[in-house]
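Below is one structure, written out as C-alpha cells; comments come after it.
The values are calculated or read from the model by the stated rules, or taken from the named source; none is laboratory data. These numbers come from a predicted model, not from an experiment. Cβ sites come from the backbone with ideal geometry, for glycine too, and all protein chains shown count toward neighbours. Surface areas here come from the heavy atoms of the whole protein model, side chains and all, with no ligands, DNA or RNA. Shrake-Rupley method; radii C 1.70, N 1.55, O 1.52, S 1.80 Å.
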Amino acid sequence: MRKPYLAGNWKLNLDQAGALDLVGKLREMVGQRTDVDVAVAPPYVYLPAVIEALKGSPIRVGAQNMADQVSGAYTGEVAGTMLSDIGCDFVILGHSERRAIYGETDKIVNAKVKLALDAGLDVILCAGETLDERQAGQTENVVHRHLIEGLAGIDAALSSRVTIAYEPVWAIGTGQVATPEQAGEVHTYLRGVLEGLWGDVAAETIRIQYGGSVKPSNVAELMAVEGVDGALVGGAALDADSFGAIVAFNS
Ligand code: PGA
C-alpha cells in the first residue's frame with residue numbers, strides 16, 4: 001500500500017508574509033497526520049523561513065529546482081548540497097516549465113537527479129507530454145524517455161527516495177485536467193517502465209503523482225484511479241483552504 005503524497009509547487013508566487021501565512025495554516029490543518037505525506041516547494045529564498053515555520057510538523061519542504069553542478073563559477077545557481085544543508089527534504093526536478101522555458105534536457109535532469117540523491121535529497125521527477133505529442137500518439141515515447149534518461153545510472157537501491165510526477169503539459173495551469181482514464185493509462189505505463197528499470201519491488205513501492213490542474217473538486221476522482229498515488233499541485237496549492245481540501249481528499 002503506497003501512502004498518498006500531496007505536494008504543492010508554489011512556482012514563482014507569494015511573498016514571505018504570504019508564504020508564512022500559508023504554511024502556518026497548513027501546519028494546523030495537517031496536524032500530526034501520518035496517513036498522507038504532505039509537502040511544499042517554495043521559491044528558494046523563502047525555504048529557510050518555511051523550514052523554520054514547519055519545525056515539528058510532518059510537512060516536508062523542498063525546492064523547485066537545483067544546479068546540475070556541485071560548486072564553482074555558476075552564477076545564480078543553488079547546489080543540492082546547499083539545499084540539504086539548510087534542511088530541505090526533497091527537490092522537484094525535470095518540471096516541464098524547466099524543460100520548455102529554460103531548455104533543460106534529459107541529460108541535465110539526470111545530472112541533477114544524481115546530485116540530489118548524492119546530497120541526501122529525495123527527488124520528485126516530472127514527466128509528461130505536450131498536447132502536440134499526445135495528438136501525435138507520442139505520449140508513451142515521451143514519458144518513457146523522461147524516466148529512462150532522467151533516471152539513467154541510478155541504482156535500484158535508491159528508488160525509495162524517488163517519486164515520479166506524471167504531468168501532462170497540456171493540463172498544467174490550463175484548467176484542463178486529464179480524465180481518470182488518461183491518467184490511469186499513463187500511470188500504469190510508467191509503473192511498467194519502472195519495473196523494467198528497477199524491478200517489481202521498486203515499481204510497486206514508488207509513488208507516482210498526477211499533476212496538472214488538480215483542484216479540491218477533482219482530486220478525489222483522480223486519487224481513486226489505480227496507480228495514482230498523489231498529486232503535484234500548482235495553482236491550487238497557493239491557498240490554504242484549497243490545498244487543505246486537496247490534502248483532505250479522503251476524509
Ligand atoms: P497546476 O500546476 O496545478 O497549476 O496545473 C501543476 C504543476 O505544474 O506542478
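Output the residue which, of all residues in the range 238-251 that are crowded, with 20+ Cβ neighbours inside 10 Å and within 26 Å of Y189 (Cβ to Cβ), is farthest from the chain's Cα centre (by Cα). Going through the qualifying residues, I end up with F249. Scanning the range 176-216 for residues being within 16 Å of the ligand (Cβ to nearest atom) and among the basic types (K, R) gives a total of 2.
Restricting D122, D118 to residues that are under 19 Å from S160 (Cβ atoms), touching a residue at least 40 places away in the same chain (Cβ under 8 Å) and open to solvent by 20 Å² or more (accessible area, probe 1.4 Å) narrows the list to D122.
Based on this model, can you work out whether A203 counts as within 27 Å of A111 (Cα to Cα), assigned to a helix (DSSP H, G or I), at pLDDT 95 or above and open to solvent by less than 30 Å² (accessible area, probe 1.4 Å)? Break it down stepwise before answering.
Working: within 27 Å of A111 (Cα to Cα): yes; assigned to a helix (DSSP H, G or I): yes; at pLDDT 95 or above: yes; open to solvent by less than 30 Å² (accessible area, probe 1.4 Å): yes.
Here the answer is yes, as A203 does meet what is asked.
Scanning the range 30-45 for residues that are outside any loop (DSSP other than H, G, I, E, B) and closer than 11 Å to K3 by Cβ yields a total of 2.
Going through the range 229-251 one residue at a time, which ones are assigned to a helix (DSSP H, G or I) and either within 10 Å of the ligand (Cβ to nearest atom) or farther than 13 Å from K25 by Cα (or both)? Spell out how you get there, then give the answer.
As a first pass, look at the range 229-251 and keep what is assigned to a helix (DSSP H, G or I): 235-237, 240-247.
Within the range 229-251, G235, A236, A237, I246 meet the criteria.
Within the range 79-95, being acidic (D, E) and in contact with a strand residue (DSSP E or B) (Cβ under 8 Å, 6 or more places away or on another chain) holds for one residue alone: D89. Residue count for the range 1-21 satisfying the condition of being away from the ligand (no atom under 16 Å from the Cβ) and either closer than 14 Å to F249 by Cα or not in a helix (DSSP H, G or I) (or both): 5. Within the range 55-82, the set of residues being buried (at least 20 other Cβ atoms within 10 Å of the Cβ) and more than 21 Å from K107 (Cα to Cα) comprises I59, V61, G62.
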